[in-house]
Amino acid sequence: MKKQIFVAAVISMCLLSVNVLAQSVFSDFSTSSDGWVIMGQTGQHSVQYVSTGGNPAGYIRGDFSLDNKWVFSAPAKFTGNKLSAYNHSLSFDLLLDGLTNPQFDDADIILTGGGEQIVYDVPKDIYTGWQSYTVILNENEGWHLTNLLGAPPTADIMKLILTNLTQLEIRGKYSTGSGTCSLDNVYLGISQAYSNFDMNYEGWRVVGDVQGGTGMPNYHSTGGHPGGYLSAKDDATGGTWYWRAPGKFLGNISAAYNQTLKYDLKQSGLNNQFDEIDVILQGSALKLVYNTPNNPDTAWTSYSLNLSENSGWHINDTLGIVPTKSEFLDVLSNLQELWIRGEFINGPDSGCLDNVSLGFVQGISDFQLRTQEVLSIFPNPASDYTTLRFTVADPGYFNLFLLNINGLNCVPSRMVYCTAGVHEIQLVLKDLPSGIYFPNLRGDKQTMMGKVIVK
């Protein structure tokens, strides 16, 4: 039986439940066009699906001659209530080919909803070869109302559009001459970043001399730690291969500062081990690296890395200088790449990955409890139900979680809207095992956490 949170507006009906389940969505086109279409000035067109040659695997494309202007239009899973994507990222890969005329400028991304429209102009031209883009869904990140000359949207308009998102479009025509535009790896990252691979490979890739250059890992539905996991085999042609995180781990993850990156690894053997950078965080201007004190075993080995400047991170290489807090936050505010080393043997080997989690879904530390506002919880200890009481300084939306001692969310997360004032929320606990749990409310300007013992 699924556990649920029931939200009660107790004081002056000032609490509104929006019922958003935070879940990232993606299209990697590995098996189909995934419902994407082309929308032009003369109407809808079909995309061309290509099963190989993407970045990696399959991709979709369209010809410039389809219409005077046209865009790739996302399927229904990218629309609806996507408010949880606020402050998170939209990422995708594009490839232009066969251009005969110069490119023209236009809106590259269009989001429509709630009677409003915002557009975005990517900051770099698209050249031959796959180019990756990550855009932050925040009113201060370069979005404009209606067209590229429009004013920046307010936070309220940004949230209104994401709450009622009806269209997500990515520009496909860049020249009046001949040519094609191809699209791959579209990710709309929402709230928590966590991959346990219980259903599929969740968009993870491998880079380097691995898997015959396909970039695609192997997915296994059993044998993980627990459940599903990923594996990849070294090509042994030179270099070091890495696991590459999907878009839901990227973008503005500054809220993960001083929290934890966790993951589980295992390798095929322990002979001929070598040392190398184990984790890479690539920001817009700086690269942070980390060297773990031990390589993984042939059984599952768990890692936990604190995301702060005083925890063993260095700039560019393991002998580089230690970053300042400002530099660390700069990387987290616009994270472009997250790589985790998969190869540890000089010579042929294979590696496995499971349970990657970033930031807010991590274990709860005393530091977090001390530095966040404390929720009033009663009764406590509790068995079937408990009530959270808290005061909101500024009206806005809050993500509501109930985390266990390992930092894993134990209920479907919810988005709630609160006006300024005192509120109470009732939590249902009767389906939870006995133990310690941490109710957590996170808003744009205010974060509150408490601890409840379930009997």
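The values are calculated or read from the model by the stated rules, or taken from the named source; none is laboratory data. Worth saying up front: this structure is predicted, and the values here are computed from it rather than measured. With ideal geometry, Cβ positions are generated from the backbone for all residues, glycine too; neighbour counts draw on all protein chains shown. Side chains included, ligands, DNA and RNA excluded: accessible areas come from the protein's heavy atoms. Shrake-Rupley method; radii C 1.70, N 1.55, O 1.52, S 1.80 Å.
Among the residues of the range 173-183, those identified as closer than 14 Å to residue 98 by Cβ and either outside any strand (DSSP E or B) or open to solvent by less than 10 Å² (accessible area, probe 1.4 Å) (or both) are 173, 174, 175, 176, 177, 178, 179, 181, 182.
Does the range 159-172 include one or more residues that are part of a loop (DSSP other than H, G, I, E, B), at positive phi and not small (Gly, Ala, Ser)? No, the range 159-172 contains no residue that is part of a loop (DSSP other than H, G, I, E, B), at positive phi and not small (Gly, Ala, Ser). Only residues that are part of a strand (DSSP E or B), farther than 21 Å from residue 76 by Cβ and under 24 Å from the mean Cα position of the chain (by Cα) were counted in the range 103-120, giving 2.
For residue 358, the conditions (1) under 21 Å from the mean Cα position of the chain (by Cα); (2) more than 23 Å from residue 228 (Cβ to Cβ) all hold with the exception of (2). Restricting the search to strands (runs of 3 or more DSSP E) fully inside the range 1-50 and requiring at least 3 residues that are of a type outside the set (Lys, Arg) and modelled with pLDDT of 55 or more gives 25-27, 37-40, 43-45, 48-50. Look at the range 40-68: where a residue is of a type outside the set (Phe, Trp, Tyr) and a partner is part of a helix (DSSP H, G or I), sitting 6+ places away or on another chain with Cβ atoms under 7 Å, you get 40/66; 45/66.
Taken across the range 307-326, residues that are under 24 Å from residue 197 (Cα atoms) and of a type outside the set (Gly, Ala, Ser) do occur, with at least one present. Considering the range 310-335, the residues that are touching a Ser or Thr at 6+ places or on another chain (Cβ under 7 Å) and not polar (S, T, N, Q) include one that is surrounded by the fewest Cβ atoms within 10 Å (Cβ to Cβ), namely 329.
Can you pull out every residue in the range 122-158 that is among the aromatic types (Phe, Trp, Tyr) and assigned to a strand (DSSP E or B)? Within the range 122-158, just 133 meets the criteria. The set of residues in the range 433-455 that are open to solvent by 20 Å² or more (accessible area, probe 1.4 Å) and either in contact with a Cys (Cβ under 6 Å, 6 or more places away or on another chain) or of a type in the set (Ser, Thr, Tyr) (or both) comprises 434, 447. Pairs are defined by a Cβ separation below 6 Å, a sequence spacing of at least 6 or placement on different chains, a first member in the range 314-338 that is under 18 Å from residue 292 (Cβ atoms), and a second member that is modelled with pLDDT under 90; the pairs so defined are 338/249.
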